[in-house]
Amino acid sequence: MTAIPLAARRPPLALRDYLELSKARIVAMVLITTAAGFAMGSHDWLLLLNTLVGTALVAAGTNALNQYVEREHDAKMRRTRLRPLPDGRISPRAALLFSSAISLIGTVYLGLAVNWLTAALGAFTLTSYIFVYTPLKRVSTICTLIGALPGAIPPLMGWTAATGRLGTPGWIAFAIVFLWQLPHFMAISWIYREDYGRAGFAMLAVRDEDGRATARQAILYSVLLLGVSALVGPIAVVASAALLAVSILFAVSRTTRNARRLFMTSNIYLIIAMVLLVVR
Amino acid sequence: MIDSKNTAARYVDETPVWLRRFTKLTAVWAVFLLFAGAQVTSTGSGLAVPDWPLSYGMFFPPMIGGIFYEHGHRIVAGVFGILTLIEAIWLRRAIGWALFGTTVVQALIGGLTVKLLLPKPVSISHAVVAEIAFCLAVSIAFFCSRGYRKLQSVERGAAPTGLTTALVAIVFLQIFAGAMVRHFGAALAIPDFPLSFGRIVPPVMTLPVTINFIHRCGALVVLAAVIATFVRLRRYEPRHPLRQLATLLLSLVALQIFLGAATIWTGRQPVIASMHVVTGASTLALSLVLALTARTVAWRARRQQPGALLASEVTA
């Protein structure tokens, strides 16, 4: 069998740019948490597929809209200046049309193929992310806390897609993802604090020069996560304890290396928690 | 630009003597609390008081029967909560608030176990979070202690941070297995020791037998890990803190295995079973202190080599 050259297997340039505009990796993460929320309430594979398609469209649209709104700030950050919009590979008009279209299609798709409660949650995620979180990022350090709300809705959407109603298991999944995001983003914002500062973002890590407040926040939410993890089970508590330990390590020695450890541990925690939510 | 802002060393210099003593008191009270909590399970008094946060609608119900253990545990826990709050305010460090927050969370999980009539996952979580709170209390006492200050004058060298950290993880997992044994009521699922039903491997593997056998195998793993650490640390001179801690840890593990055996031989006598829990927690705490000591010594060793620090810590 003839091997296909790597370059030939990659998506065409325009498609790759639109995938980057949609932040495909973040969409994948959103879909994992949505699927976990869904699996707690149902094993209807077709309904799951419809849920994931609709959620993927809304999530991709939200990410693309966010990049459209922040294109000028992205141009100032080393980490983001080569994104399709600041790099000029996609025009702002095309990005706006693309993101609005897939967001709308995704919301209507969720409403028709799943249920309107899930569609409403998807629409709430999009609007709160774009019209509340994104502007707040340049105004107040509370933005991370506010931004964690839309970030935590996908597992709840999974639950409502499966059951058609809001319920305790869905809220537990919501609480886990909500609290998990905070130490996770404290680590990211500490690693990239100079970049965020250049772009004028009011992240806590940017204003908190010695990192004490950032570390305190990471510890606070890790402790709260410990409590919510007890509702999932003792293995989740053990994983949460590891997250708390690394948060404290970060507080004791606020190095980039420890921030990366915190980031990695938080990722592992989320995977464990999602698996446990599904199998419990 | 170097972004390393290591603040641990400042704990000692800034710690008033009474705060240092207070952190020790809190850690010792945590041991007492662990014993009181273990007694609730050992005596089967978990539901002796059916309501929470009050006990039979009162602050102080008659201390009779199982109420003595359950309500006594709540009182000891309440005092611990007050101690951790004072410590957090006095210490003014994130780790102090982490301890207080964990204690509050632990109280809520405790309340949940009562409200939900002792569901196993929540009860085991309650046991695991107790160990975390204890570890935090011990860590604070360690960072504020004279022993930590003395480490500043210890000869620097490459300390086995990976090995000692792995040891903490192994002991923690073994305690997790122990909590499973307690809350699944599997302590006497295998009635003999050191053999299991007269054999090395039990002939029948029901869930309680499996949990019990995993805990026994875990004891062997912990023992092997502690012996490996002890042998590795024999390279240090006899009075080196790392070597002293390793010797103490080995003795504690030997005591813990004996208490585990005695729990079976006495048909799960409550006080012995509770001592087994407390000694297990102390083993975890001591292995944590060993790991923190190794990290402190190694950290000092790194500080002596500015080149190494620059290579690993410079922001990109």
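Each value in this text was obtained by applying a stated rule to the coordinates, not by laboratory testing. This is a predicted model, so every value here is computed, not measured. For neighbour counting, all protein chains shown are included, and Cβ atoms are generated from backbone atoms with ideal geometry for every residue, glycine included.
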Once all Cα-Cα distances of the protein assembly as shown are split into 10 Å bins that start at 0, what whole-number percent is in each one?
3, 15, 23, 24, 18, 12, 4, 0, 0
Distance from the Cα centre of region A:116-172 to that of region B:250-283, in angstrom?
49 Å
Using per-residue counts of other Cβ atoms within 10 Å, averaged over each peptide, order A:261-272, B:98-109, B:194-205 from highest down.
B:98-109, A:261-272, B:194-205
Under the helix-only model (-39500 (n - 2.57) for each DSSP H run of 4 or more, divided by the residues of the protein assembly as shown), the mean residue ellipticity at 222 nm, to 500 deg cm²/dmol, is -25000 deg cm²/dmol
Which lysines have a Cα less than 18 Å from the Cα of A:Lys137, not counting those fewer than 8 places away in the same chain?
A:Lys76
Semi-axes of chain A from the Cα gyration tensor (sqrt of 5 times each eigenvalue, largest first, whole Å) come to 28, 27, 18
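Once fully extended, how much extra length lies between B:Leu220 and B:Arg21, figured as 0.36 nm per residue of separation less the alpha-carbon to alpha-carbon distance?
Gain on extension, B:Leu220 to B:Arg21, equals 68.1 nm.
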Of A:Lys137, B:Lys115, how do they rank once you tally other Cβ atoms within 10 Å and put the fewest first?
B:Lys115, A:Lys137
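How shielded is A:239-248 by partner chains, expressed as the average number of their Cβ atoms within 10 Å of its Cβ atoms?
Mean shielding count: 4.
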Among B:Ala166, B:Ala130, B:Ala285, which one shows the highest mean-square fluctuation when chain B is modelled as a Gaussian network with alpha-carbon springs under 10 Å?
B:Ala166
So which residue, out of B:Gly57, B:Gly78, B:Gly267, gets the largest mean-square fluctuation from a GNM of chain B using Cα contacts under 10 Å as springs?
B:Gly57
Alpha-carbon centroid distance for the pair region B:13-67 / region B:180-228, whole angstrom
29 Å
Take A:Ala75 and B:Leu108, extend 7 Å from each Cα along the Cα→Cβ direction, and tell me the distance between the two endpoints in nm.
4.6 nm
So what is the relative contact order of region A:156-245, in percent, for Cα pairs below 8 Å that sit 6 or more residues apart?
25 percent
